[in-house]
Amino acid sequence: MRQWMLRITSYADRLLEDLDDLDWPESIKEMQRNWIGRSEGAELEFCAVDQEGHDLGAKLTVYTTRPDTIFGATYLVVAPEHVLLPSLTSEEQRAHVEEYTEVAARKSELERTELQKEKTGVFSGSYAKNPATGEIIPIWVADYVLASYGTGAIMAVPAHDSRDHEFALKYELPIIKVVSPPNGNCDPEEAYADDGIMINSSSSSSGLNINGMLSQDAALEVTSWVESNGFGKKKVNYKLRDWLFARQRYWGEPFPVIYLDDTNEMVPLTENQLPLTLPELDDFTPTGTGEPPLTKAADWVRTTDVLTGKPARRETSTMPQWAGSCWYYLRFMDPKNSSTLVDKAKESYWGPVDIYVGGAEHSVLHLLYARFWHKVLYDIGVVSTKEPFKCLINQGLILGEVEYTAYRDNEGKWVSADSDSSLSDCIQEKVPADKITKVGDNYVLKDDPNIRLNARAYKMSKSRGNVINPDDVVSEYGADSLRLYEMFMGPLRDSKTWSTGGIEGVHRFLGRTWRLVVGAPLPDGSYKDGTMVTDVEPTFEQLRVLHKCMARGFRGDSGNKV
Ligand code: ANZ
């Protein structure tokens, strides 16, 4: 299937570097760093040879973050999907290898890595020459090496990598220590994965000697040695993958491109043909053929290229839901503009978003995708800032009303929550708040202050039945009471418990403020001085007063435009 990919990997370094200047929670920045997963290392070439060391003409390139450990590389491993595997497989081993790769193909990446209890693999029947030692080492296939990362092949250093260590023990492959811990202590049963001082790392056949060097210096030394000998180079890898950006469903922005019938050439729509909107469809269920539902809109799909008049067809995949969330904030700055994405002057006045409030569930996808689009828009001159969201705040969770639990023994007598007897044998009973009073830090029964209760607020959920619907609150107390109560609840980032009692207090406070400023209503419902409550648009003068009041409220703040 032809798919659209967005090349977010080209922005990996900038997405990483620019995190430093953002006023975002450190935990979210760290999640983005891990997601991007920059790793610095080297690609090294190993020549495939037969058992006697005769060159087979094939070169296997591995990716390693530890070129310093090259003298400890006692075997190579390729991923089951590696393109060279069939040609590296010997006739004796072919049946084994094919059976193994078939089983591996049915496993997910997670099953092959995190979930897999025991490493498995099969010898390919071929060997490679370790360029540093000149030794002939076997090439294995194992599914703990992923085809999608690095080069899909590794040099295994069992003394210093725990995965390789486990594998080497299982299949009795040699383990050679080449890094000695700086303090000399290490667990002989485990791989020593940290840096240290190089040992067992010299060879007269290759002329390389890194003994006594610190790991990091040795890594540089080995990298420049392979570079100058033409069998390797420095390499940066990322965990981040390019972004699969097409969906085979109806709801989504259509791609503004067409394909010419005669050459299949893809042509973007001209700007005056934008925006391209979805055709009306009565039936947007899947086609059953794997083709997107938009193929059903035959009249929409058939089109002509306006520049050449040639017959053409539209793209029928649509964009994923992330597309819109990558730039909607720009439209808030200029929502009625029908000629450009956002007016430059408005964007440079309002942008970037001063405070973005959202949950931590958006830490990597939305917040990384939107940063990526923003950088692309910055590069083509649409926006004036490198980053879309200056400050990010993860709001605290609003928990349900506190619930009070009391305990009874099997005779029905109350048991205090701090009693020595085991509460797990007791029957729990939810007690309404009006039957409870607070003594010191504890909640007790009004009728029997010796009986303590447990008080706890739970996350709102349908199953617990403690969800507060803001619409109900607004219809009972009014939107002003709800808003003001939320403002009084406490710091934005903290978790807080909902209390309907609290909103009643705020409601009374607002009523009192109204009576103080406007006065109580007269018997006919009107107010003295001709004050009237009406539901009409404010006048310009009234808006001025309102905005001055708000500006006063924010002055002395951090200068954020809210
Ligand atoms: C030799 C070595 C010696 C390694 C040592 C580690 C420790 P990150 O940091 O995640 O980039 N590796 C490379 N490609 C792989 C693949 N496709 N599937 C599974 N593992 C792969 O990790 C890079 C390290 O992970 C590489 O460095 C390689 O093992 C392994 F003491 O090479 B190393």
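Across segment 188-200, what is the total count of residues that are at pLDDT 90 or above and away from the ligand (no atom under 13 Å from the Cβ)?
3
Would you be able to say whether some residue in segment 15-22 is over 18 Å from the mean Cα position of the chain (by Cα) and either within 16 Å of the ligand (Cβ to nearest atom) or loosely packed, with under 13 Cβ neighbours inside 10 Å (or both)? Step through it out loud before you land on a result.
In the first step, residues of segment 15-22 are kept if they are over 18 Å from the mean Cα position of the chain (by Cα); the result is 21.
Narrowing further to those that are either within 16 Å of the ligand (Cβ to nearest atom) or loosely packed, with under 13 Cβ neighbours inside 10 Å (or both): 21.
Yes, segment 15-22 contains a residue that is over 18 Å from the mean Cα position of the chain (by Cα) and either within 16 Å of the ligand (Cβ to nearest atom) or loosely packed, with under 13 Cβ neighbours inside 10 Å (or both).
Between a first residue in segment 329-343 that is under 18 Å from L392 (Cα atoms) and a second residue that is of a type in the set (K, R) and part of a loop (DSSP other than H, G, I, E, B), which pairs have beta carbons less than 7 Å apart while being 6 or more apart in sequence or on different chains?
Going by the 7 Å Cβ cut-off, there are no qualifying pairs.
Looking at (1) part of a helix (DSSP H, G or I); (2) closer than 27 Å to L214 by Cβ; (3) away from the ligand (no atom under 16 Å from the Cβ), which one does N185 not meet, given that it meets all the others?
Here N185 meets the rest and fails (1).
How about segment 137-179: which of its residues are on the phi < 0 side of the Ramachandran plot, among the small types (G, A, S) and surrounded by 17 or more Cβ atoms within 10 Å (Cβ to Cβ)?
Selection gives A142, A147, A153, A156, A159, A168.
Residue by residue, here is whether (1) under 16 Å from L482 (Cβ atoms); (2) loosely packed, with under 13 Cβ neighbours inside 10 Å; (3) of a type outside the set (K, R) holds:
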site: W498; (1), (2), (3): yes, no, yes
site: G502; (1), (2), (3): yes, no, yes
site: R508; (1), (2), (3): yes, yes, no
site: R512; (1), (2), (3): no, yes, no
site: P521; (1), (2), (3): no, no, yes
site: Y527; (1), (2), (3): no, no, yes
site: T539; (1), (2), (3): no, yes, yes
site: Q542; (1), (2), (3): no, yes, yes
site: V545; (1), (2), (3): no, yes, yes
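Here is a check on your reading of the model: is N183 over 30 Å from F284 (Cβ atoms) and free of Cβ contacts under 8 Å to residues at least 24 places away in the same chain? Don't jump to the end; show me each part of the working.
On the way: over 30 Å from F284 (Cβ atoms): yes; free of Cβ contacts under 8 Å to residues at least 24 places away in the same chain: yes.
Judged against the criteria, N183 is a match.
Identify, from the list L445, L482, the residue that is assigned by the TED database to the domain that holds Y404 and not polar (S, T, N, Q).
L445
Pick from A159, A219: which is part of a helix (DSSP H, G or I), within 11 Å of the ligand (Cβ to nearest atom) and more than 31 Å from the chain's Cα centre (by Cα)?
A219
If you check every pair at least six apart or on different chains, which have Cβ atoms under 9 Å apart with a residue in segment 471-483 that is modelled with pLDDT of 95 or more first and a residue that is among the charged types (D, E, K, R) second?
From residues that are modelled with pLDDT of 95 or more, the pairs are Y477/E504; S481/E504.
With the condition kept exactly as written, say whether any residue in segment 73-86 is modelled with pLDDT of 95 or more, among the hydroxyl-bearing types (S, T, Y) and within 36 Å of the chain's Cα centre (by Cα).
yes
Being within 12 Å of the ligand (Cβ to nearest atom) and farther than 18 Å from K59 by Cβ is the filter; apply it to segment 122-156 and report the residue that is farthest from the chain's Cα centre (by Cα).
Among those that are within 12 Å of the ligand (Cβ to nearest atom) and farther than 18 Å from K59 by Cβ, it is A142.
Check segment 204-211 and report whether any residue there is within 24 Å of V78 (Cα to Cα) and either in a helix (DSSP H, G or I) or in contact with a Ser or Thr (Cβ under 7 Å, 6 or more places away or on another chain) (or both).
no
Quick one: in segment 52-91, which of the residues that are among the polar types (S, T, N, Q) and in a strand (DSSP E or B) is farthest from the ligand (Cβ to nearest atom)? Reasoning before the result, please.
Narrowing segment 52-91 to residues among the polar types (S, T, N, Q): 61, 64-65, 69, 74, 87, 89-90.
Next, only the ones that are in a strand (DSSP E or B) stay: 61, 64.
Values: T61: 11, T64: 3 Å.
Per the stated criteria, the residue is T61.
Go through segment 177-192 and give me each residue that's under 35 Å from the mean Cα position of the chain (by Cα) and of a type in the set (G, A, S).
Across segment 177-192, the qualifying residue is only A191.
So how many residues does segment 277-315 have that are surrounded by 12 or more Cβ atoms within 10 Å (Cβ to Cβ) and touching a residue at least 60 places away in the same chain (Cβ under 8 Å)?
2
How many residues are assigned to a helix (DSSP H, G or I), more than 26 Å from T69 (Cβ to Cβ) and in contact (Cβ under 8 Å) with a residue 40 or more places away in the chain when one looks only at segment 14-49?
Matching residues across segment 14-49 total 9.
Of all residues being among the small types (G, A, S), more than 43 Å from the chain's Cα centre (by Cα) and under 15 Å from N454 (Cα atoms) in segment 407-420, which is modelled with the highest pLDDT? Just the residue, please.
Going through the qualifying residues, I end up with S416.
Look at I197 and say whether it is free of Cβ contacts under 8 Å to residues at least 24 places away in the same chain and within 11 Å of T69 (Cα to Cα).
So I197 fits the description; yes.
The values are calculated or read from the model by the stated rules, or taken from the named source; none is laboratory data. Remember, it's a predicted structure, so these values are computed and weren't measured experimentally. Counting neighbours? That spans all protein chains shown, and the Cβs are built from the backbone with ideal geometry, glycine included.
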